[in-house]
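The values are calculated or read from the model by the stated rules, or taken from the named source; none is laboratory data. The structure displayed is predicted, hence computed values, not measured ones. Cβ placement follows ideal geometry from the backbone for every residue including glycine, while neighbour counts extend to all protein chains displayed. Accessible surface areas use protein heavy atoms only, side chains included; no ligands, DNA or RNA. Shrake-Rupley method; radii C 1.70, N 1.55, O 1.52, S 1.80 Å.
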Amino acid sequence: MENKHQSNGDTKENNMVKKKLNWSGSLIVASLTGAFGSSFLYGYNLSVVNAPAAFIKKFYNETWERRYGFSVDESTLTLLWSITVSIFAIGGLVGAIIVTPIVKFFGRKCTLLLNNVFAVTAALLMSLSLLAGSFEMLILGRVIMGVDAGISLSALPMYLSEISPKEIRGSLGQVTAIFICIGVFTGQVLGLPEIFGQEFRWPYLFGAIIVPSLIQVVILPFLPESPRYLLLEKHNTSKAEKAFRTFLGKEDVSHEVEEVLAESRVQRNTKLVSVLQLLRTRAVRWQVITVVITMACYQLCGLNAIWYYTNSIFSEAGINHKTIPYVTLSTGAVETVAAVFSGLVIERLGRRPLLIGGFGLMVVFFAVLTVSLTLQKTVHWLPYLSIFCILAIIASFCIGPGGIPFILTGEFFQQSQRPAAFMIAGTVNWLSNFAVGLLFPFIQGGLQTYCFLVFAAICFAGATYLFFVLPETKNKTFHEISQAFAKRNKVSLEKQDMNHCSGERKSSAEQESNFTSSVDNGETKKGIV
């Protein structure tokens, strides 16, 4: 008995040691640096235009009057402002489309580095637009910044999923969502009147974009490229092994190399799969459908509608108009805390409970918010319930739907399929984003407070689909996740391997001969998958 208890204690201690070893210094620095220059900027640019909106419109009007001798009419000004805000999504769509060939030729890390050219160019255009007296520079800067966001929201999750051990792949993947939330919160803080939220200081809000880009450019070059990319796409054994050692913090990486090679033997081919080929592949049909639905729900779930109503709800609750910008900071703070919480528990609870639970909670709080907004003029305390519902909806979104769709896209697909999968996910993401911006004013105008029932229905549909289709992916290899979908795809993995074995035998033999000299038969360890 004593030996048994001692054995159990040793096992727990070994598991704790392994878990700590997974978080190497290089892995942490790579994830933080990658996210700070990528997803942080996406979140920042979502919120940064809100605070100086009145000053930017005034700048548009003054520029128009100086050029043409008369003030711009209200409808034209509204159109210009709508273009300024929504064109960010058009740029994002362009970035999502062009990311596949870029990550193939330059790699994941180099794509993140090169992407900073777009960020710095956009920052210079937007920050100098007031000085140059050209609102076209600001609009063009928003387009280019959108391209940066479209590329980074595909390249960053791809990079993080490929450098992380499977035991912490979910937690590391949530770094993308955490930094989006931190970016939103930072945009809110810097937009306060005491900082850059003033008439002649708003260009500094856009100039600040350069800072995260420069930090990434300085630090990221000293960190390795994705070892999976080096091994499977560049066939560079020595660099791949070195990258594994750096990210895992250990010398013996033979097991990790073997696991990646084992995956390459069951891949359809080692060449990059096109979007059309991926859509035609029966073995990943339900993975593609699941990614499309989760990404669509990510944008269509109504969070943008919440931002639209926030100020009016705070006003109804009796909060002073001048105080509202400071109270609004609570929404950004709740976002960040919820995203961090999700990152801490995702490897314990799994992806399914957080994603389905997040959508489910949003359904409940959207329903309560609809009732509260409809009756708030009849009961004096209902505006406070509305405020609670807003914060609860934001928290529900961030614990699951706000970050897990990006993680799933990286987990569902093999190396050769992943760039095409992220291109599909990114395209759906940005098209849905644009659709919400275009259609929400009409939905809100027609349904008023009942518009939230539309979003509740979307969240319910998404949660229902995921409940029946989504398998748990935590702690599973990419091959095990494919097996979980095999029955639904009506594909036998054994037969699939047999069918594609003949086409791959030559390339696999060549890879194995290249790696024989450097792969030892060491003890079995958990590794990057």
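Of note:
- In summary, A149 fulfils each of the numbered conditions (1) open to solvent by less than 10 Å² (accessible area, probe 1.4 Å); (2) modelled with pLDDT under 95 with the single exception of condition (2).
- Enumeration of residues in region 472-489 that are open to solvent by less than 20 Å² (accessible area, probe 1.4 Å) and either of a type outside the set (S, T, Y) or part of a helix (DSSP H, G or I) (or both): F478, I481, S482, F485, A486, N489
- R348 being within 18 Å of the chain's Cα centre (by Cα) and surrounded by fewer than 21 Cβ atoms within 10 Å (Cβ to Cβ): no
- Qualifying positions in region 390-414 - crowded, with 24+ Cβ neighbours inside 10 Å and without any contact (Cβ under 8 Å) to a residue 60 or more places away in the chain: S396, G400
- A425, sole failed condition from (1) under 27 Å from I97 (Cβ atoms); (2) open to solvent by 10 Å² or more (accessible area, probe 1.4 Å): (2)
- Qualifying residue in region 312-335 (condition: over 24 Å from Q188 (Cα atoms), open to solvent by 20 Å² or more (accessible area, probe 1.4 Å) and in contact with a Lys or Arg (Cβ under 9 Å, 6 or more places away or on another chain)): no
- N304 vs. criteria touching a residue at least 60 places away in the same chain (Cβ under 8 Å) and open to solvent by 40 Å² or more (accessible area, probe 1.4 Å): yes
- Residue check for L79: assigned by the TED database to the domain that holds S164, open to solvent by 60 Å² or more (accessible area, probe 1.4 Å) and modelled with pLDDT of 95 or more: no
- Residue tally, condition touching a residue at least 40 places away in the same chain (Cβ under 8 Å) and open to solvent by less than 30 Å² (accessible area, probe 1.4 Å), over region 368-386: 6
- A single member of I195, I163 is β-branched (V, I, T) and open to solvent by 10 Å² or more (accessible area, probe 1.4 Å), and it is I195.
- As a summary of the residue check, V454 satisfies the conditions (1) open to solvent by 50 Å² or more (accessible area, probe 1.4 Å); (2) not in a helix (DSSP H, G or I) except for the one numbered (2).
- Residue within region 416-425 that is among the charged types (D, E, K, R) and in a helix (DSSP H, G or I) present: yes
- Scanning region 125-142 for residues that are without any contact (Cβ under 8 Å) to a residue 60 or more places away in the chain and open to solvent by 60 Å² or more (accessible area, probe 1.4 Å) returns A132, E136, L140.
- Filtered residues of region 163-201 (kept if more than 27 Å from F55 (Cβ to Cβ) and modelled with pLDDT under 90): S164, P165, K166, E167, I168, R169, G170, S171, L172, G173
- Unique match (being over 30 Å from the mean Cα position of the chain (by Cα) and hydrophobic (A, V, I, L, M, F, W, C)) among V72, V94, V85: V72
- A count restricted to region 238-274 and to residues that are in a helix (DSSP H, G or I), open to solvent by less than 40 Å² (accessible area, probe 1.4 Å) and modelled with pLDDT of 85 or more stands at 6.
- Selection status of V120, under 18 Å from P212 (Cβ atoms), in a helix (DSSP H, G or I) and open to solvent by 40 Å² or more (accessible area, probe 1.4 Å): yes
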